[in-house]
Amino acid sequence: MAGLLYLPRIFVYHSEANHESQKSVFKVMERKLYNYIMMPAMLLSWLFGILLIHSLGFAVFSELWMQIKIALVSILTIYHFMLGKYLNDFAIDKNNKSSRFYRIINEIPTIILIVVVFVVVFKPLI
């Protein structure tokens, strides 16, 4: 989760960088964060989530809170791969987004996290 919050912030700094030396440092930081921390964390999160669902029983899918949680986690997964696309754009120097864009999308995982925690803790009945 931390990578989903931190990578867009690096994108902000990268898009504002003026010198090639700064840009090359950001490229290394972005690549290492995404490939060595974020990707394994996402895969392990999905693995342990599936194992947890298996231990709870698949009947838990009939509950609304679990459906909402799975939908939001799926959106976070799509967001993760979207950040990977932006990472590739930076890697080949084809970024056409502003730092303001990255500041705005940096808020997406925070909002989703708050909703997921709320849904899991309070488990709406509807």
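Please treat every number below as a calculation from the coordinates, not as lab data. Computed from a predicted structure; not experimentally measured. Methodologically, a virtual Cβ is constructed for each residue, glycine included, from the backbone with ideal geometry; neighbour enumeration extends over all protein chains shown.
Below is a table of values for the structure above.
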{"quantity": "Qualifying residues in segment 24-47 (those that are without any contact (Cβ under 8 Å) to a residue 40 or more places away in the chain and more than 17 Å from the chain's Cα centre (by Cα)) - the one nearest to MET82 (Cα to Cα)", "calculated": "VAL28"}
{"quantity": "Pairs with Cβ under 8 Å, 6+ apart, first in segment 106-126 and in contact (Cβ under 8 Å) with a residue 40 or more places away in the chain, second assigned to a loop (DSSP other than H, G, I, E, B)", "calculated": "PRO109/MET1; LEU113/MET1; LYS123/GLU63"}
{"quantity": "Residue check for ASN96: of a type outside the set (Lys, Arg) and under 20 Å from GLY3 (Cβ atoms)", "calculated": "no"}
{"quantity": "Residues of segment 65-82 classified as in contact (Cβ under 8 Å) with a residue 24 or more places away in the chain and over 17 Å from ALA2 (Cα atoms), total", "calculated": "3"}
{"quantity": "Some residue of segment 5-18 being without any contact (Cβ under 8 Å) to a residue 60 or more places away in the chain, of a type in the set (Asp, Glu) and out of contact with any Cys (no Cβ under 7 Å at 6 or more places or on another chain)", "calculated": "no"}
